[in-house]
Structure formats: C-alpha cells, structure tokens
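Notes for the one structure printed next.
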C-alpha cells in the first residue's frame, strides 16, 4: 500500500492548488478587464475633430489667403527641434505643468475661432501623455475649431517615413 500514500502526498497539494486557482479565476478576469478598460481611454474629441496626415498635407497645401490651420506641436521640445511639420509652432510640453502654462499664455493671444490643429507623435497615439491635456486645455479655454492630428505610431513612422514635408530646428 505504498502507492496510495505517495499518491496522497502528491494529489492533496495538487487538488488544493487547483481549487485555489479556480477561486482566483474570477478575480483575475475582473482585473484583466479593468486593465483593458483603463487602456481604452475615452478621447475628449469627436470623430469630426480627428485629422490624418494626408488630409493635413492636402489642406495645408491648398490653403490660400490665411485659411491654413494654425498647427501646434504639444510634445517634447527636443523632438520638435529634431523635426516637425512646416509652419508648426511649439509653446510648451502639454504633459507638464510649466508646458501647459506656456501653451495657455500663447493661446490667450488668439481668437477663440482660430482654426487649430494639435499634434504630438512622441509615441503611440493611444498612450501619448501630451495630446489629451492639450486638447482639454484648448477646449476649456473656449476654442471652437480644434482638431487633433492622429499619428498612430509616431511622428517618424506616420509622417516622416511617408514622405510628408518636415523641417528641423525651431
């Protein structure tokens, strides 16, 4: 009867481990769903306020008589200096308090009806730390014509590598 004793020594801890795992499955699923929900941030803008690279290039290229949008880069200064959309301006990194203060100071000088396009491109769009605070700031300040340039992967991948116009420096 040596076999049943050995079997019991292995089977009992195994059954306890399986039972514990079965109790944890609902908790793990709940946490997994919560994590997925946290990653799916609800964007503060509407679909009508979204712009893609080819649309901006077309719009900017065909603009006559001052109808071109004012393009504002809201990411990190070093990335702006490395390369940005021609005619874009930099007025602070929107993920930082001091950057938002700089942006607000500059925005205070503009009419609230200014045609604005904001963009970043520092990282994948869904994780960008700059674009949402920038949009929220513009919206809260009463700007009525704000659009967001979606660069899904990065400025390099979704703008530069596609051959869209770029300039370097400030």
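The values are calculated or read from the model by the stated rules, or taken from the named source; none is laboratory data. Keep in mind that this is a model prediction, so the values were computed, not measured. Using ideal geometry, Cβ is built from the backbone for each residue, glycine included, and neighbour counts are taken over all protein chains shown.
Descriptive notes on the structure:
- Here residue 104 meets each of (1) at positive phi; (2) modelled with pLDDT of 95 or more with one exception, condition (1).
- So residue 61, is it out of contact with any strand residue (DSSP E or B) (no Cβ under 8 Å at 6 or more places or on another chain), within 20 Å of residue 166 (Cα to Cα), free of Cβ contacts under 8 Å to residues at least 24 places away in the same chain and in a loop (DSSP other than H, G, I, E, B): no
- Within segment 99-113, the set of residues being touching a residue at least 40 places away in the same chain (Cβ under 8 Å) and crowded, with 16+ Cβ neighbours inside 10 Å is empty.
- Test for residue 84: is it surrounded by 15 or more Cβ atoms within 10 Å (Cβ to Cβ) and over 20 Å from the mean Cα position of the chain (by Cα): no
- Condition met for residue 75 (modelled with pLDDT of 95 or more, outside any helix (DSSP H, G or I) and within 23 Å of residue 166 (Cα to Cα)): yes
- Test result for residue 63, surrounded by fewer than 14 Cβ atoms within 10 Å (Cβ to Cβ), out of contact with any helix residue (DSSP H, G or I) (no Cβ under 7 Å at 6 or more places or on another chain), modelled with pLDDT of 95 or more and in the same structural domain as residue 129 (by TED's automatic domain parsing): no
- Count - residues of segment 123-170 that are more than 10 Å from the chain's Cα centre (by Cα), in a loop (DSSP other than H, G, I, E, B) and surrounded by fewer than 18 Cβ atoms within 10 Å (Cβ to Cβ): 13
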